[in-house]
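Colleague: Attaching a single structure in structure tokens format; questions to follow.
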Amino acid sequence: MDKVIPVVVIKDLKDTIPTLQALKDGGINCAEITFRTACAADAIALGVKEFPDMNIGAGTVVNLAQAKKAVEFGAKFLVSPGLSVKVAKFAKKKGIPYFPGCVTPTEIMTALELGIEIVKFFPANVYGGLKALKALSGPFPQLKFIPTGGVDLTNLEEFLSFDKIYAVGGSFMMKGDIKANCDAINEIVSKLGK
Amino acid sequence: MLTDEIEKAKIIAIIRDVDKNKIIPLANALFDGGIRFVEITFSKNESDNDVLDKIKIISDNFKGKLHVGAGTVLNETQVELTKKAGGEFIVSPDTCKEVISKTKDLGMISIPGAFTPTEIVSALNFGADFIKLFPAKNVNLSYIKAIKTPLNNIKLFAFSGIKLNNVKKYAKAGVCGFGIGSDLIDKKFIEKNDFISITKKAKKFMEKIK
């Protein structure tokens, strides 16, 4: 998985290819297409077909029905803002990575019990950012995080420097010039030797 | 639909530990001030039967005027008894699957408390109609915007700490309604039987959220 997971909102199916192409051109080989829009599942299917080597998953998966649909349409991983036990069990059965949003120790322990060792941390800035992640890593040393929400080019280096960060998520690279944003991200990632 | 009405009304007035014989003048005062939904809260300071009596008093005397429900509902028995007393909605501090399911089985509106994305999504999957964002007091307003980015369809009611001077800020941040207790139903006014002041306060709140 890339160190940065772009959260991609596709409002119109015809935007799928140019959007993914821009990320690919920028050297980012993955995308989380969110289930916030009506065409999300079709966008995933199209993306997987056109960019078979790209790691394309589904985001904002809030229930089992969406999880099933996402997988049926070719999603290679699933992300939720929170933890759904039903989605977690389904993903495990299908052998698909699932990154649920977990912010409290109780939620993290539930994830660990389900065999999940990488969780999304959302909204990261509001739940205490890197400081909170460091504190949570104390009791849960096996856990890795994907902080999302409030991570951007100004603090990306700081987040990625912490070894418990599996990757960071967000849509900050989708605003403005995607290519320039990707270049900035790649510079930071390569500087850290990741 | 009652869910539409509650969204339109925007305010649930929270009545906690108010003496039974003051319920009718209080409910009248709230109604005169524009309030349409009132929550009678289960409390450690009185028996469940006393709370249920108050729900029944409002349900019997304010038909077509006020909708009454129960707050701090922690178990299925309280849900059933609230329905029997004439309650139309159930508010809880937590996300309890059994309470939410029972509420929906009995055809009432479910407003469970939830705070983290996991709790909010669980509550919705259990059948909640609205999410009580609790405790909303001192919550960073950017939190509301952040969780509403992926969860753009959720309907949040902010509970705790909602006052005349901050209600607008919460509305702007993206909540669709409020549970308002002590700043509206001030204990001082109740003690002095000063119900006119409560009507005035209610009107001020209605003005703010217009």
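Yes/no per residue for (1) under 23 Å from A:Pro123 (Cα atoms); (2) without any contact (Cβ under 8 Å) to a residue 60 or more places away in the chain:
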{"position": "B:Ile100", "(1), (2)": "no, yes"}
{"position": "B:Leu106", "(1), (2)": "no, yes"}
{"position": "B:Pro112", "(1), (2)": "yes, yes"}
{"position": "B:Pro117", "(1), (2)": "yes, yes"}
{"position": "B:Asn138", "(1), (2)": "yes, yes"}
{"position": "B:Asp183", "(1), (2)": "no, yes"}
{"position": "B:Glu191", "(1), (2)": "no, yes"}
{"position": "B:Asp194", "(1), (2)": "no, yes"}
{"position": "B:Thr199", "(1), (2)": "no, no"}
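Colleague: Pairs needed: first member in the range A:1-12, closer than 9 Å to A:Ser171 by Cα; second member anywhere, among the charged types (D, E, K, R) and in a loop (DSSP other than H, G, I, E, B); C-beta distance under 7 Å; at least 6 residues apart or different chains.
Modeller: A:Val9/A:Arg36
Colleague: Based on this model, can you work out whether A:Phe159 counts as under 26 Å from A:Ile33 (Cβ atoms), more than 12 Å from chain B (Cβ to nearest Cβ), in a helix (DSSP H, G or I) and touching a helix residue (DSSP H, G or I) at 6+ places or on another chain (Cβ under 8 Å)?
Modeller: yes
Colleague: For the range A:162-184, give me the residue count where each residue is outside any loop (DSSP other than H, G, I, E, B) and more than 28 Å from A:Leu83 (Cα to Cα).
Modeller: Let us first name the residues in the range A:162-184 that are outside any loop (DSSP other than H, G, I, E, B), namely A:165, A:168-170, A:172-174, A:178-184.
Next, only the ones that are more than 28 Å from A:Leu83 (Cα to Cα) stay: A:178-184.
The qualifying residues number 7.
Colleague: Being among the aliphatic types (A, V, I, L, M), closer than 23 Å to B:Phe159 by Cα, in contact with a Phe, Trp or Tyr (Cβ under 8 Å, 6 or more places away or on another chain) and part of a helix (DSSP H, G or I) narrows it down to one of B:Val68, B:Val51, B:Val73, B:Val79, so name that one.
Modeller: On the way: B:Val68 fails: part of a helix (DSSP H, G or I); B:Val73 fails: part of a helix (DSSP H, G or I); B:Val79 fails: in contact with a Phe, Trp or Tyr (Cβ under 8 Å, 6 or more places away or on another chain).
One residue alone meets the criteria, B:Val51.
Colleague: Which of the following residues is closer than 22 Å to A:Lys24 by Cα, among the hydroxyl-bearing types (Ser, Thr, Tyr) and buried (at least 17 other Cβ atoms within 10 Å of the Cβ): A:Thr110, A:Thr148?
Modeller: Being closer than 22 Å to A:Lys24 by Cα, among the hydroxyl-bearing types (Ser, Thr, Tyr) and buried (at least 17 other Cβ atoms within 10 Å of the Cβ) holds for just one of A:Thr110, A:Thr148, which is A:Thr148.
Colleague: Within the range B:132-149, track down each residue that is more than 12 Å from every other protein chain (Cβ to nearest Cβ) and among the hydrophobic types (A, V, I, L, M, F, W, C). Steps first, answer last, please.
Modeller: To start, the set of residues in the range B:132-149 that are more than 12 Å from every other protein chain (Cβ to nearest Cβ) comprises B:132-138.
Listed by number, the residues that qualify are B:Leu133, B:Phe134, B:Ala136.
Colleague: Can you work out which of the residues in the range A:130-151 that are under 21 Å from B:Leu151 (Cβ atoms) and touching a helix residue (DSSP H, G or I) at 6+ places or on another chain (Cβ under 8 Å) is nearest to the other protein chains (Cβ to nearest Cβ)?
Modeller: Here is the first cut: in the range A:130-151, the residues under 21 Å from B:Leu151 (Cβ atoms) are A:132, A:145-151.
From what is left, the residues that are touching a helix residue (DSSP H, G or I) at 6+ places or on another chain (Cβ under 8 Å) are A:145, A:147, A:149-151.
Numbers: A:Phe145: 14, A:Pro147: 12, A:Gly149: 5, A:Gly150: 8, A:Val151: 12 Å.
Among those that are under 21 Å from B:Leu151 (Cβ atoms) and touching a helix residue (DSSP H, G or I) at 6+ places or on another chain (Cβ under 8 Å), it is A:Gly149.
Colleague: Quick one: in the range A:62-84, which of the residues that are within 26 Å of B:Phe115 (Cα to Cα) and part of a loop (DSSP other than H, G, I, E, B) is farthest from the other protein chains (Cβ to nearest Cβ)?
Modeller: Here the answer is A:Phe77.
Colleague: A further question on this structure: Could you tell me which residue of the range A:113-126 is nearest to the other protein chains (Cβ to nearest Cβ), considering only residues that are crowded, with 23+ Cβ neighbours inside 10 Å and part of a loop (DSSP other than H, G, I, E, B)?
Modeller: Among them, the one singled out is A:Pro123.
Colleague: Restricting attention to the range B:87-131, which residues are hydrophobic (A, V, I, L, M, F, W, C), within 12 Å of chain A (Cβ to nearest Cβ) and in contact with a Gly (Cβ under 6 Å, 6 or more places away or on another chain)?
Modeller: Residue satisfying the conditions is B:Val121 alone.
Colleague: Return the residue satisfying two criteria in turn: it lies in the range B:88-135 and is of a type in the set (Val, Ile, Thr) and closer than 13 Å to B:Thr72 by Cβ, and of such residues it is surrounded by the fewest Cβ atoms within 10 Å (Cβ to Cβ).
Modeller: So the residue we want is B:Val99.
Colleague: Would you pick out the residues in the range A:91-107 that are surrounded by fewer than 18 Cβ atoms within 10 Å (Cβ to Cβ) and within 14 Å of chain B (Cβ to nearest Cβ)?
Modeller: Those that are surrounded by fewer than 18 Cβ atoms within 10 Å (Cβ to Cβ) and within 14 Å of chain B (Cβ to nearest Cβ): A:Thr104, A:Pro105, A:Thr106.
Colleague: Quick test for you: out of B:Ala171, B:Ala202, pick the one residue that is among the aliphatic types (A, V, I, L, M), surrounded by fewer than 18 Cβ atoms within 10 Å (Cβ to Cβ), more than 14 Å from the chain's Cα centre (by Cα) and not in a loop (DSSP other than H, G, I, E, B).
Modeller: B:Ala171
Colleague: Separate question: Mind listing just one residue for me: the one in the range B:150-168 that is more than 17 Å from the chain's Cα centre (by Cα) and exposed (fewer than 15 other Cβ atoms within 10 Å of the Cβ) and, of those, nearest to the other protein chains (Cβ to nearest Cβ)?
Modeller: B:Asn152
Bear in mind that the values in this text are calculations on the coordinates, not laboratory data. None of these values were measured; they are calculated from a predicted model. No Cβ is skipped: glycine too gets one built from the backbone with ideal geometry, and neighbour counts run over all protein chains shown.
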